[in-house]
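See below for the structure under consideration.
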Amino acid sequence: MIFDVVDNAEQYYFLGPLFQKGFEYIKNTNFSTMQPGRYSIIGDDLYALIKEYDTRTVDECEMETHLEYADIHYIREGFEFIAYADKSRMKDATFTRLVMTDVHLYEKQYNNTLFLEKGDFTVFLRNDAHMPHLRALVGTKVKKVLIKVRVEANEMAKRGDMTQIS
């Protein structure tokens, strides 16, 4: 897990070419005119989800990891807490109301939270269980850019094999 401000994003280019392109997309895109939805950067290997939502209580959120993707969460407007823990410390969820692809759900137990506000970002890798959208102080509206990085494609790109990237 990485937490920083977007002005320092270049320090994390070492994570690989797709992370670098994801950070560049965040820094070079005017999100003020973009509607919520999915925006392809490099097919299914790197894409952005523009999200707008009201923050929620713990009961309304899910603790999750991803099977194929790493996440870059960038706060454009508003603020929220994100809970996190290493997945090795988590217990599989016994009940959930959600069915999602690329997501593994856990019981709502965690030992850390981050407070993210406008200009902050965090990176969650596949071992980082996280619970976004949490209400901080008071409920508020959040506009977030979520960059999805397919980890296997990033590793291929690090080795110089860009032919397999969609």
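The values are calculated or read from the model by the stated rules, or taken from the named source; none is laboratory data. Note that the structure is a prediction, hence the values are computed from the model and not measured. Don't worry about glycine lacking a Cβ; one is built from the backbone with ideal geometry, like all the others, and counts go over all protein chains shown.
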Check: Which one of E80, E64, E68 is closer than 24 Å to V151 by Cβ, buried (at least 20 other Cβ atoms within 10 Å of the Cβ) and out of contact with any Phe, Trp or Tyr (no Cβ under 6 Å at 6 or more places or on another chain)?
Finding: E64
Next item on the list: Residue by residue through segment 50-67, note down the ones that are more than 26 Å from E155 (Cα to Cα) and at pLDDT 95 or above.
Entry: K51, E52, Y53, D54, T55, R56
Note to self: Anything in segment 104-129 that is in contact with an Asp or Glu (Cβ under 9 Å, 6 or more places away or on another chain) and part of a loop (DSSP other than H, G, I, E, B)? List them, or say none.
What the structure shows: E107, K108, K118, G119, L125, R126, N127
Margin query: Between a residue in segment 1-27 that is farther than 21 Å from N127 by Cα and loosely packed, with under 15 Cβ neighbours inside 10 Å and any residue that is at pLDDT 95 or above and of a type in the set (S, T, Y), which pairs come within a Cβ distance under 9 Å, given they are 6 or more apart or on different chains?
Written below: E24/Y13
Checklist line | Test for K148: is it under 19 Å from R38 (Cβ atoms), surrounded by 14 or more Cβ atoms within 10 Å (Cβ to Cβ), of a type outside the set (S, T, N, Q) and touching a residue at least 40 places away in the same chain (Cβ under 8 Å) | finding: yes
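Does A70 satisfy the criteria of being in a strand (DSSP E or B), modelled with pLDDT under 95 and either in contact with a Pro (Cβ under 9 Å, 6 or more places away or on another chain) or of a type in the set (A, V, I, L, M, F, W, C) (or both)? Break it down stepwise before answering.
Numbers: in a strand (DSSP E or B): yes; modelled with pLDDT under 95: no; either in contact with a Pro (Cβ under 9 Å, 6 or more places away or on another chain) or of a type in the set (A, V, I, L, M, F, W, C) (or both): yes.
It is false that A70 is in a strand (DSSP E or B), modelled with pLDDT under 95 and either in contact with a Pro (Cβ under 9 Å, 6 or more places away or on another chain) or of a type in the set (A, V, I, L, M, F, W, C) (or both).
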Notebook entry, point to check: What pairs can you find where one residue is in segment 84-96 and at pLDDT 85 or above, the other is among the β-branched types (V, I, T), and their Cβ atoms are less than 7 Å apart, with a gap of 6+ or different chains?
Noted result: K87/T65
